[in-house]
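In what follows, a single structure is set out as structure tokens and then discussed.
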Amino acid sequence: MKKKDIYRLFDGRYIYHSGKHRYITGISNNSRKLQKGELFFAIRGSSVDGHRFVFEAAQKGAYAVAVSDREKARLVAEKHPEITVILHENTRVLQAETARRFFDFPDKELAVIGITGTNGKTTTAHLIAQYLQMAGKKTGIIGTLGYKVGDALISEGRTTPDAIEWFGLLKQMQDMGVEYVVAEVSSHALDQYRVYGTEFKGAVFTNLSEEHLDYHRDMEDYFRAKERLIRWIPESSPVAVNLDDMYGRRLYDEYSGVKNVSGYGRDEKARLRLIDWKLTDRGTLFSFSCGGKKYAVETGLIGEFNIYNTAGAILLMAGLGFPVEFLVEKAKYLRPVRGRFEVLRGDGFTVVIDYAHTPDALRNVLFTLNQLKKGKIITVFGAGGDRDRSKRPLMGQVAQELSDLVVVTSDNPRTEEPEKIIQDILEGIKDRKNVIVQPDREEAIKKAISMANRDDIVLIAGKGHETYQIIG
């Protein structure tokens, strides 16, 4: 069992009350799961304040507690003088610093690569992981599709786990002999300091569009959360940003002079400059210039958005020192990611399953399908409950404008009534003559499939790889 001297863990800093000199056996921010001998962090969440559970943690045998509330620190010290009390203005920051130290700085021994942005994080992360594996590197991945080493699933959870699990996972992967870890880094994770202190060896910024505005105040607040990854990254670590995205260009303009930032896209300042491409229903051909040379890429990934995902992966890998020629040659072996433009061939028609759950992501997928279609496009989609309501009519507008037939249904209604969410979506649809409403998602999918004829494309958007709905 791992043990750490509580005083050495903090170098004597932030100790409000010195309890009995002890060695802690773990760290936790969940009083229900806390074990005797652990250090408990009281974290102020968006809906629950962990300071409510400090005394519960003490009663369960916590050897130390970390709080940001001075009055709570005083009360714990009075009622439990044997417990060490740590006082810090931001327990999220302290939690990350402590977890990193508790797990012996695993990020220093690993090459951790962070991928952030609104759309394309999962695909870009998996493409980089595939490239690393083809280069013979043992690679871990942390993201929406789970936490894996190679193809072996370790566990599942949030896109980016909290700081304790984050550094614990990095330590676990280090112990398994992993050399590289590719991680999706969400705006929530950055805003909540989940990856704070991590020594990233590289990063990619894909794009930014309307999402999570139920959490962030506005788009600027959302952007500044994403920006933290670039701000925190070491100056020498390569960063690839999408210059054809307004926010990617802002990052480039702000950081290219002080960080190792380079761009990809059609923009003339791009280090990896896209020249032209050809889309088919079986893959994509595209060319780019880099370092004064022109390269032609053939890949089985479909869609213009996947050209950008592949370009971001290639530029990042080149920044890490891998030859561009190797990356171009291996591009033909890159595999699609489950639930991301996943193509199923039906009886003369095609079904595409995609995770698109924002207006921009839905527009990108439908734009690609319109370039490939021979028959009709039938789109099945919904919008999540208890989340940003402003995107619902925008998604309805996109679906109606770029589809021949729309089936509006449920997608994680959570505590909202599905019919209310659907009504918000319908507000963005001007012409409803080719719109069907079916709140039951299974029935909606069956309806769409039954209406598909030869050469039609059925898009099932929103859930992607997920096999469940969140109801209630």
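Shown for the stretch 230-376: the carbon plus sulfur share of the solvent-accessible area, taken with all protein chains present and a 1.4 angstrom probe, equals 48%. The residue among T284, I83, N453 whose Cα reaches farthest toward the positive pole of the charge dipole of the chain, with charges on the beta-carbon of Lys, Arg, Asp and Glu, is I83. From largest to smallest, the equivalent ellipsoid semi-axes obtained for the stretch 239-389 from the alpha-carbon gyration tensor read 29, 21, 13 Å. The sum of -39500 (n - 2.57) across all DSSP H runs of n ≥ 4, divided by the residue count of the chain, sets its helix-only mean residue ellipticity at 222 nm to -10000 deg cm²/dmol. Taken per residue, the accessible surface of the stretch 349-472 reaches 44 Å², heavy atoms only and a 1.4 Å probe. Its relative contact order, with pairs defined as Cα atoms under 8 Å and 6+ residues apart, puts the stretch 258-341 at 22 percent. If R0 equals 25 Å, the separation of the Cβ atoms of D386 and R52 corresponds to a calculated FRET efficiency of about 0.70. The share of C-alpha pairs in the stretch 88-238 whose separation exceeds 22 Å stands at 35 percent. Other residues with beta-carbon under 11 Å from the beta-carbon of K373 carry, at +1 per Lys or Arg and -1 per Asp or Glu, a net charge of -2.
The stretch between A296 and T25, if pulled fully straight at 0.36 nm per residue, gains 92.1 nm over its current Cα-Cα span. For the stretch 219-315, the equivalent ellipsoid built from the Cα gyration tensor has semi-axes of 26, 15, 11 Å, listed from largest to smallest. Solvent-free Debye calculation, one equal scatterer per alpha-carbon of the stretch 153-266: log10 I(q)/I(0) at 0.13, 0.18, 0.19 Å⁻¹ equals -0.53, -0.98, -1.06.
Taking every alpha-carbon pair within the stretch 1-84, the share separated by more than 18 Å comes to 35 percent.
Between K374 and D175, the FRET efficiency from the beta-carbon distance, with R0 = 60 Å, is close to 0.70. Across bins of 5 angstrom width beginning at 0, how are the C-alpha pair distances of the stretch 339-394 distributed, in whole percent? With a bin width of 5 Å, the distribution comes to 4, 15, 28, 24, 15, 9, 5, 1. Rolling a 1.4 Å probe over the heavy atoms of the protein chains gives the stretch 195-330 an accessible area of 41 Å² per residue. Given +1 at the Cβ of Lys and Arg, -1 at the Cβ of Asp and Glu and no other charges, the dipole of the stretch 327-454 around its Cα centre is 580 debye to the nearest 20.
Under 14 Å Cα to Cα from K376, which aspartates and glutamates show up? Leave out anything in the same chain fewer than 8 places away. Partners within reach: E401, D404, D455, D456.
If the Kirkwood radius is taken over C-alpha pairs of the chain, then at 25 °C and 0.890 mPa s the Stokes-Einstein diffusion coefficient equals 103 µm²/s. Amide H contacts for I86 (H built 1.01 Å from N in the peptide plane; partners 5 or more residues away or on another chain; cut-off under 5 Å): Y16, V65, A66, V67. Over all orientations, the stretch 38-81 has a Cα convex hull whose mean projected area works out to 2.8 square nanometres. Electrostatic tally near R158: other residues with Cβ closer than 11 Å to its Cβ, Lys and Arg +1, Asp and Glu -1, net -3. Roughly what angle does helix 70-79 make with the longest principal axis of the chain, taking Cα atoms, 0 to 90 degrees, to the nearest 10? Computed tilt is about 50 degrees. One chain, two ends: E235 and E325. Fully extended at 0.36 nm per residue, the span grows by 29.8 nm beyond their Cα-Cα distance. Between 0 and 90 degrees, the angle of helix 163-175 with respect to the longest Cα principal axis of the chain falls at about 80 degrees. Figure note: R340, R266 ranked by solvent-accessible area, largest first, 1.4 Å probe, ligands and nucleic acids not counted: R266, R340. Dipole magnitude for the stretch 1-100: about 320 debye, using +1 per Lys or Arg Cβ and -1 per Asp or Glu Cβ, origin at the Cα centre. When the square roots of the Cα gyration tensor eigenvalues are ordered a ≥ b ≥ c, the ratio a/c for the stretch 100-177 is 1.5 or more and a/b does not exceed b/c, which makes its shape oblate. Entry comment: accessible area of the stretch 85-162 is 31 Å² per residue, from protein heavy atoms only and a probe of 1.4 Å. Here the relative contact order of the chain, from alpha carbon pairs under 8 Å that lie six or more residues apart, stands at 10 percent. Among the lysines of the stretch 15-138, pairs at least eight places apart or on separate chains and with Cα atoms under 27 Å apart come to 18. Projecting the Cα atoms of N370, F223, V149 onto the charge dipole of the chain (Cβ charges, centred on the Cα centre) puts V149 farthest toward the positive pole. Placing dummy labels 7 Å off each Cα toward the beta-carbon, the span from D431 to E443 is 2.8 nm. Apolar share of the accessible surface for the stretch 1-140: 44 percent from carbon plus sulfur atoms, 1.4 Å probe. Helix 304-319 axis versus longest C-alpha principal axis of the chain: approximately 50°, rounded to the nearest ten.
In a simple Cβ point-charge model (Lys, Arg +1; Asp, Glu -1; nothing else charged), the stretch 193-278 has a dipole of about 360 debye relative to its Cα centre.
Can you check what the net charge comes to around R340, using other residues whose Cβ is under 15 Å from the Cβ of R340 (Lys, Arg +1; Asp, Glu -1)? Taking every Cβ under 15 Å from that of R340, the sum is -2.
The values are calculated or read from the model by the stated rules, or taken from the named source; none is laboratory data. Small disclaimer: the values here were computed from a predicted structure and weren't measured. Methodologically, a virtual Cβ is constructed for each residue, glycine included, from the backbone with ideal geometry; neighbour enumeration extends over all protein chains shown. Note: areas computed on protein heavy atoms with side chains; ligands, DNA, RNA excluded. Shrake-Rupley method; radii C 1.70, N 1.55, O 1.52, S 1.80 Å.
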